[in-house]
Amino acid sequence: MRGCCAVTLPLPKVLQANSQPVLVLVGGPSGSGKTSIINSLLSRYPGVYERPLSYTTRPPRPGDTSGEFHHTTESHILELLGANEIPTIDRVYGNAYAMSSRSIDIIIESHRIPIKEVHPSNHAKLRRTFPSLLSVHITWIPGDRESTVERSDRAAADGSYYASFSLAETDIVIWNDHKDSIDALADRLHHSLTSTLCEADRFALPSEIDRLNTAGYTGIAAEFSEAKRITTRNFHEMSTPFFEKSLQNRIADGACCAEIGPGRGWLRNSFTWPHVHYTAIDVSESMLKAQPADSTILASARAIPVRNASFDAVFGSLIDPYCYPAALCEIRRVLKTGGLFILSSPAAEWAYGLRDGDGLDKTRFVHDDGTIAEVFSYVFTLEELSLLLERCGFSVLASDRLLGNALMLGREISPAITDSASRLGVAVSDLPIVNLAVVQRME
């Protein structure tokens with residue numbers, strides 16, 4: 001795997017491997033727990049995270065420290081901006097805020113992660129200075145917010161802003177359903193951050209992945225069929241025995257199951273399922289309209305708006321669009337302890353026979369009119385895939401690599417498969433094409 005490192009390594013080695021400085025900004029409505037979660041991170045992972053010094057025009061509050069806040073005037077903050085001592089000025093709830101550029105640099109130079117509560121409206125502005133910035137959002141499951149006592153000015157401002165806020169603007173989402181402790185939420189954020197940072201040179205930012213995939217799959221949804229997408233059909237045919245056996249042997253009547261990225265419903269329509277409650281989850285509303293599901297959720301795989309431990313099993317047929325750490329950590333969250341993630345994914349050996357250079361992690365669909373829809377497609381060897389899943393909190397129960405000899409005799413074979421084999425100089429029957437795995441959420 002290119003540029004991988006284990007999450008068990010000391011975090012300084014993770015940061016030394018990154019080519020760009022990392023800054024983590026945490027946003028969320030008032031009362032969502034962001035300050036308490038950051039405080040827990042600082043306490044539970046000393047030497048890993050640190051808040052940079054901030055300047056603010058707001059009055060001091062109980063708990064403010066001189067190492068974190070410098071209370072000053074509007075004119076002084078403007079002077080700091082003119083001297084390039086702060087990257088931006090953020091205005092929230094009638095006050096001005098700014099982080100010290102030098103303080104951020106010192107934290108990064110010491111191989112720690114600067115992390116700070118910053119209103120989401122300012123994340124994009126700061127990303128222009130820190131391109132590898134990670135935007136974290138802490139919020140409640142929709143309709144599940146507990147009543148909290150808030151100052152009326154913040155409550156009113158929050159209501160106005162978050163009414164139109166989209167999670168697509170952020171990279172990592174932490175759902176606070178008020179059942180986990182603050183320390184447990186801090187641990188979850190730490191796991192998501194370290195998993196993402198370990199692979200920072202391999203994956204695009206989660207928000208960037210979502211933007212491209214949403215546009216690409218929405219555009220191709222009406223034309224996405226087994227008849228037109230021969231490569232997809234071949235992948236499905238090869239993995240049919242695996243999914244059939246998994247449904248028969250691993251899923252019980254009454255199970256609560258989800259499928260992420262169900263396409264046009266191949267997995268649900270092609271097999272005899274036990275009596276389960278089936279939820280389809282997709283980032284594309286157009287794809288969801290075709291689903292034979294008990295319920296549907298329009299959401300990214302990295303931000304699924306359900307309670308922790310909601311599903312007995314999650315299915316993923318061809319998971320390459322969302323096979324990245326933030327999404328895999330979220331899938332683990334929504335699984336019950338002992339729950340299964342049952343998946344297939346295109347093999348890297350096949351894909352790299354077709355893809356070159358900057359296109360190694362993307363694939364393209366050709367529309368009927370000849371235009372191109374491009375989406376992310378993260379592929380791995382079976383060993384790499386297993387390692388990534390383990391780093392994101394899964395235990396691998398079973399895995400397999402399907403070669404071209406698993407293609408159905410007498411069926412049309414996609415030129416994408418024969419061309420890959422030809423370019424690699426191997427017989428189609430010897431070409432690794434699809435990876436399969438059953439993994440389990442372990443505490």
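Read-outs: derived from the displayed coordinates by stated rules, not from any lab. Keep in mind that this is a model prediction, so the values were computed, not measured. For neighbour counting, all protein chains shown are included, and Cβ atoms are generated from backbone atoms with ideal geometry for every residue, glycine included.
The alpha-carbon of Lys289 sits under 22 angstrom from the alpha-carbons of these lysines, leaving out residues fewer than 8 places away in its chain: Lys228.
Each of His178 and Ser43 was given a label point 7 Å from its Cα along the Cα-to-Cβ line. The distance between the two points is 2.1 nm. Measuring how big the chain is from its alpha-carbon positions, Rg and Dmax come out at 23.2, 77 Å.
What FRET efficiency do you get for Asp64 and Glu169 if R0 is 22 Å and r is their Cβ-Cβ distance, rounded to the nearest 0.05? Kindly include the intermediate steps, with their values, before the conclusion.
Numbers: r = 29 Å, r/R0 = 1.30.
Approximately 0.15, to the nearest 0.05.
Quote to one decimal, in nm, the extra length available between His275 and Lys245 on full extension: 0.36 nm per residue of separation minus the C-alpha distance between them.
Numbers: separation 30, 0.36 × 30 = 10.80 nm, distance 1.58 nm.
Taking 0.36 nm per residue and subtracting the Cα distance, the gain is 9.2 nm.
Here the gap between Thr72 and Glu443, fully extended at 0.36 nm per residue and compared with their Cα-Cα distance, gives a gain of 128.9 nm.
Share of antiparallel DSSP beta bridges in the chain, in percent to the nearest 5? If you can, show how the numbers build up before the last one.
Working: 27 of 61 bridges.
Of those bridges, close to 45 percent are antiparallel.
For the pair Lys228 and Ile372, the difference between a 0.36 nm per residue extended length and the Cα-Cα distance amounts to 50.4 nm.
The stretch 32-146: D in µm²/s via Stokes-Einstein (Kirkwood Rh, Cα pairs, 37 °C, 0.692 mPa s)?
Numbers: Rh = 15.3 Å.
In µm²/s, the coefficient is 215.
Mean sequence separation of contacting Cα pairs (under 8 Å, at least six apart), scaled by the length of the stretch 213-441, corresponds to a relative contact order of 22 percent.
Considering helices alone, the calculated mean residue ellipticity of the chain at 222 nm is -9500 deg cm²/dmol, with DSSP H runs of length four and up weighted by -39500 (n - 2.57) and normalised per residue.
So for the chain, averaging the separation of alpha carbon pairs under 8 Å that are six or more residues apart and normalising by length, what relative contact order in percent results? Don't skip to the end; give the middle numbers.
On the way: 804 pairs, mean separation 63.5, N = 443.
Result for the chain is 14 percent.
What FRET efficiency comes out for Tyr93 versus Val426 if R0 is 60 angstrom and r is the Cβ-Cβ distance? Round to the nearest 0.05. Don't skip to the end; give the middle numbers.
Numbers: r = 62 Å, r/R0 = 1.04.
Working from the Cβ atoms, E equals 0.45.
Among the listed pairs Lys125/Lys336; Lys34/Lys362; Lys34/Lys336, those with a Cα-Cα distance over 29 Å are Lys125/Lys336; Lys34/Lys362.
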